[in-house]
Every structure is written in structure tokens, then in C-alpha cells.
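J.: Have a look at this one before I ask anything.
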Amino acid sequence: MVFLQLFWSFLKIGLFTFGGGYAMIALIQSEVTVSHHWLTPQEFTDILAVSQMTPGPVGINTATYTGYTAVLNAGYEPWQAVLGALLASGAVILLPVVLMLLAVIFLQRTKGNKDIDNIFALLRKVVVGLIAAAALQLLTADSFGQPGLTLQFLLSLCLFAAVFILSLRRVSPILLILASGLVGLIVYSL
């Protein structure tokens, strides 16, 4: 049953999410932690962190790790969890690939049409809103620690602010990920 639910959930996510992987995060989180309870919010946050650090598109990486973990958490064997990962990954890209092929054909035929240009101008604003919503949903106690004067919470806020400011100044995301991991390793090892 979990396999069919995974396929259907990630098929919907792939079909109804515009703007790429980061825009998918809010919908994936809703499906896997709220609707189906396949993952805890902490597991989802961990999966998202790993998905951002590994090569490849974040939406597909998140689908892959989520499919694997959801099947494993449902009590299946690890080899079956691999099937869950492949199923979720395939489902999330199936309809977008078909729609992209149709869109390319359509856009080639309507090149320079002002109405089409206006639609895409509006869609860009919607995508920014979806990405902002995903970022706001990650501002949880699982990600930052409990509010107050705890070391974890203060460190999380400082790290968040530093990475935010440095990313605005075009510092390499790879360098920011490595530096953040090193800071976390040092601080949480103490």
C-alpha cells in the first residue's frame, strides 16, 4: 500500500509544483509529514539537509531519500526501500518531463507572443512565493532548537544569519555548506 501511496503522492507533487526543487519542499513536507506521517518533522529536516548537500536536483534527491525512508519506516526490507526510492523519484519527474516536452513545442510555436510573456512574468512571482513558503516552514524548533537562550538556538540563529549574509554576497554555496558542517561538528562534539 505504501508503494501506491508514494507513487500517487510524488506524481501529484511533480505535476503541481512549479519552480523547481525548492518550490517542491513545502508540498513534499505536507505530504510526507502531515498527510501520510511517513516521516517525522526531524527526519524530513535531516533528509532535506542531505538532499541539498548531495549532487543533483534537490527535489529529486528529496523524493529519493523520502521514498527510501518512508518504505523503511513502514517495516519493509532495505531492498524494498530502494524500490520505494526509485518509485518516488520516477513519479516526481514523470509528468514534468512529458509536460516539458509539450511546453517546448508550444513555446516554439508562440515565440514573441505578449500574452505568453505576461503569463511567465506572473509565474516568476508565484515561484518566489513558493520558495519563501518552503523557507518559512523550515523555521521550526527541529531546525533551530527551542527558542530561548540555549546554545543550540543561539548558534543556529548566528549560523543562519551568517550564511544568509554570505550567500547574498555570492560566497560559494559549497564553501558555506562545508563551513557550516565544520562549525556544527566542532560545536556539537563539545
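Quick grid of which residues meet (1) hydrophobic (A, V, I, L, M, F, W, C); (2) on the phi > 0 side of the Ramachandran plot; (3) surrounded by fewer than 14 Cβ atoms within 10 Å (Cβ to Cβ):
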| site | (1), (2), (3) |
| --- | --- |
| A91 | yes, no, no |
| L102 | yes, no, yes |
| L107 | yes, no, yes |
| G112 | no, yes, yes |
| L136 | yes, no, yes |
| I186 | yes, no, yes |
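J.: Would a scan of the range 88-96 turn up a residue that is at pLDDT 85 or above, over 19 Å from the mean Cα position of the chain (by Cα) and in the same structural domain as G21 (by TED's automatic domain parsing)?
T.: Scanning the range 88-96 turns up no residue that is at pLDDT 85 or above, over 19 Å from the mean Cα position of the chain (by Cα) and in the same structural domain as G21 (by TED's automatic domain parsing).
J.: Please identify the pairs in which a residue from the range 154-166 that is outside the structural domain of L178 (by TED's automatic domain parsing) has its Cβ atom under 6 Å from the Cβ atom of a residue that is in a helix (DSSP H, G or I) and loosely packed, with under 15 Cβ neighbours inside 10 Å, counting only partners at least 6 apart or on another chain.
T.: none
J.: Check V171 against each of (1) at pLDDT 85 or above; (2) assigned to a helix (DSSP H, G or I); (3) surrounded by 12 or more Cβ atoms within 10 Å (Cβ to Cβ); (4) not assigned by TED's automatic domain parsing to the domain that holds T33 and name the one condition it does not meet.
T.: Against the list (1) at pLDDT 85 or above; (2) assigned to a helix (DSSP H, G or I); (3) surrounded by 12 or more Cβ atoms within 10 Å (Cβ to Cβ); (4) not assigned by TED's automatic domain parsing to the domain that holds T33, V171 comes up short only on (2).
J.: Please go through the range 31-60 and pick out each residue that is of a type outside the set (A, V, I, L, M, F, W, C) and surrounded by 15 or more Cβ atoms within 10 Å (Cβ to Cβ).
T.: E31, T33, H36, P41, E43, T45, D46, S51, Q52, P57, G59
J.: For I60, which of the numbered conditions (1) at pLDDT 90 or above; (2) touching a helix residue (DSSP H, G or I) at 6+ places or on another chain (Cβ under 8 Å) fails to hold?
T.: (1)
J.: Of the residues A70, A63, which single one is surrounded by 13 or more Cβ atoms within 10 Å (Cβ to Cβ), in contact (Cβ under 8 Å) with a residue 60 or more places away in the chain and hydrophobic (A, V, I, L, M, F, W, C)?
T.: The unique qualifying residue is A70.
J.: Only one of L48, L11, L27, L39 is in the same structural domain as R124 (by TED's automatic domain parsing), farther than 16 Å from A85 by Cα and out of contact with any Cys (no Cβ under 6 Å at 6 or more places or on another chain); which?
T.: L27
J.: Now for a different question. I need the full set of residues from the range 64-79 which are of a type in the set (A, V, I, L, M, F, W, C) and within 10 Å of W38 (Cα to Cα), in order please.
T.: Listed by number, the residues that qualify are A70, V71, L72, A74.
J.: Do we find a residue being at pLDDT 85 or above, of a type in the set (A, V, I, L, M, F, W, C), on the phi < 0 side of the Ramachandran plot and surrounded by fewer than 13 Cβ atoms within 10 Å (Cβ to Cβ) anywhere in the range 7-21?
T.: Checked the range 7-21: at least one residue is at pLDDT 85 or above, of a type in the set (A, V, I, L, M, F, W, C), on the phi < 0 side of the Ramachandran plot and surrounded by fewer than 13 Cβ atoms within 10 Å (Cβ to Cβ).
The values are calculated or read from the model by the stated rules, or taken from the named source; none is laboratory data. Since the model is a prediction, treat every value here as computed from it, not as a measurement. Here the Cβ is made from the backbone with ideal geometry for all residues, glycine too, and neighbour counts use every protein chain on show.
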